[in-house]
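Q: What follows is a structure written as structure tokens; I'll ask about it next.
The values are calculated or read from the model by the stated rules, or taken from the named source; none is laboratory data. Please read all numbers here as calculations on a predicted model, not as lab measurements. Heads up, the Cβs are rebuilt from the backbone with ideal geometry, glycines too, and the neighbour counts pull from every protein chain shown. Note: areas computed on protein heavy atoms with side chains; ligands, DNA, RNA excluded. Shrake-Rupley method; radii C 1.70, N 1.55, O 1.52, S 1.80 Å.
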Amino acid sequence: MKVRAEFYSRLKEIAGASAIQLDLAEPATVSALWRELQKRYPAFQDFKTSVLFGSGVEFVPPEHALREGDVIAIMPPVQGG
């Protein structure tokens, strides 16, 4: 299944792109997407316990089931000052 991962903040810098399309084996979850992204971008592992995932206008948990064509936003924690 094809899904799109959109990156924000530091993750966007690490990936060198604001988004990529991936082809995942079915059935797939957000967690499977995140594992694949950590393989492609090892520096993503620094964020493995702190990222937020969004689908549409809602945050979703790692066990959220993906569907063909889903767009998943992946965001590191927000820091302010």
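Q: Could you list, in sequence order, the residues of the range 48-69 that are more than 11 Å from the chain's Cα centre (by Cα) and either open to solvent by 80 Å² or more (accessible area, probe 1.4 Å) or closer than 18 Å to Asp23 by Cα (or both)?
A: Residues satisfying the conditions are Thr49, Val57, Glu58, Phe59, Glu63, His64, Ala65, Leu66, Arg67, Glu68, Gly69.
Q: Turning to a different aspect of this structure: When you look at Ala73, is it of a type in the set (A, V, I, L, M, F, W, C), open to solvent by 60 Å² or more (accessible area, probe 1.4 Å) and touching a Ser or Thr at 6+ places or on another chain (Cβ under 8 Å), yes or no? Let's see the steps before the verdict.
A: Details: of a type in the set (A, V, I, L, M, F, W, C): yes; open to solvent by 60 Å² or more (accessible area, probe 1.4 Å): no; touching a Ser or Thr at 6+ places or on another chain (Cβ under 8 Å): yes.
So Ala73 fails the test.
Q: Still on this structure, please answer the following. If you take the residues of the range 53-80 that are of a type in the set (Asp, Glu) and touching a residue at least 40 places away in the same chain (Cβ under 8 Å), which of them is nearest to Lys12 (Cα to Cα)? Spell out how you get there, then give the answer.
A: Step one: of the range 53-80, the residues of a type in the set (Asp, Glu) are 58, 63, 68, 70.
If we keep only those that are touching a residue at least 40 places away in the same chain (Cβ under 8 Å) as well, we get 68, 70.
On the way: Glu68: 23, Asp70: 19 Å.
Looking at the filtered set, the residue picked out is Asp70.
Q: Cβ-Cβ under 7 Å, sequence separation 6+ or interchain: first residue in the range 25-52 and more than 15 Å from Ala65 (Cα to Cα), partner of a type in the set (Phe, Trp, Tyr). Which pairs?
A: That search, which allows pairs on different chains as well, returns Leu37/Phe44; Gln38/Phe44; Leu52/Phe59.
Q: Among the residues of the range 34-50, is any at positive phi and of a type outside the set (Asp, Glu)? Give the steps one after another, and end with the answer.
A: Of all residues in the range 34-50, those at positive phi come to none.
No, because not a single residue in the range 34-50 is at positive phi and of a type outside the set (Asp, Glu).
Q: Additional query: State which residue is farthest from Pro77 (Cα to Cα) when the search covers only the range 1-12 and only residues that are exposed (fewer than 15 other Cβ atoms within 10 Å of the Cβ) and modelled with pLDDT of 95 or more. Before you say what the answer is, go through the steps one by one.
A: Within the range 1-12, the subset exposed (fewer than 15 other Cβ atoms within 10 Å of the Cβ) is 1-2, 4, 9.
Filter once more, so that each one left must be modelled with pLDDT of 95 or more: 1-2, 4.
Details: Met1: 28, Lys2: 26, Arg4: 20 Å.
So, considering only residues that are exposed (fewer than 15 other Cβ atoms within 10 Å of the Cβ) and modelled with pLDDT of 95 or more, the one farthest from Pro77 (Cα to Cα) is Met1.
Q: Now for a different question. For the range 13-47, how many residues meet the condition of being within 16 Å of Val78 (Cβ to Cβ) and surrounded by 15 or more Cβ atoms within 10 Å (Cβ to Cβ)?
A: Qualifying residue count for the region: 1.
Q: Next question. Let me confirm something: among Val30, Val3, Val60, which residue is touching a His at 6+ places or on another chain (Cβ under 9 Å) and β-branched (Val, Ile, Thr)?
A: Details: Val3 fails: touching a His at 6+ places or on another chain (Cβ under 9 Å); Val60 fails: touching a His at 6+ places or on another chain (Cβ under 9 Å).
From the options Val30, Val3, Val60, the qualifying one is Val30.
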